[in-house]
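Below: the structure, in structure tokens.
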Amino acid sequence: MDKSARRAFQFGPFVLDPSERTLRNGEERLDLPPRVFDTLLELVSHSGHLLEKDQLMRDVWPDATVEENNLTQAIYLLRKVLRDGEAGERYVETVPKRGYRFVASVRTVETGKTNGRMGDEQSSGQLDNGLASSGQAGSGQAKAGAGSNVDASTAMAKAIPAAPRTSASGAVASSFERLMLIGFLVMATLLG
């Protein structure tokens, strides 16, 4: 790998770039709160392997005492951002009472420092575990400008797909849906 390239992970339509701390869906940049990004990086880095809850919490929050609920909320956000389960695409598997496993096929790729585009694929051994197809997940996540300086709640609002304004029948979204989104944004602020 030459000095102008860096290692990133590709799964489905997403590219996770640890050195730039970015998650992209095609050309769209999806901003995640720092701890949620760290959770995704840990899962992807250990793709195909069970990560125990306690170990994940120690790795993602090394200097803090956190409860399992913090990890649960981070996983919830990841599933929303990745649209886990939509169109049959799975990314994060819950292993009841134990932890989580990243189940999508992951490839190591090179991205150039100057243009941020993917380059040649690299052999990735365990990462390309073939546990899930590499079909396209749904698109529609909101963009945040490159280099934008936003707090966790703003990043959450930009990263998660917008809540539908109307239902299939044309009715306005329920108060419950709006309250759930607000609660979710508050939790993300606390996680960040």
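Please treat every number below as a calculation from the coordinates, not as lab data. Bear in mind that the values here come from a model prediction, so they are computed numbers and not experimental data. Cβ placement follows ideal geometry from the backbone for every residue including glycine, while neighbour counts extend to all protein chains displayed.
Some points to look at:
- Where labels lie 7 Å past Cα in the beta-carbon direction, separation of residue 68 and residue 54 in nm: 1.2 nm
- Over segment 1-59, volume per residue of the alpha carbon convex hull, in Å³: 105 Å³
- The label point for residue 95 and the one for residue 27, both projected 7 Å from the Cα toward the Cβ, are 4.0 nm apart.
- Where labels lie 7 Å past Cα in the beta-carbon direction, separation of residue 108 and residue 86 in nm: 3.1 nm
- Net length gained if the chain between residue 79 and residue 19 were fully extended (0.36 nm per residue, minus Cα distance): 19.4 nm
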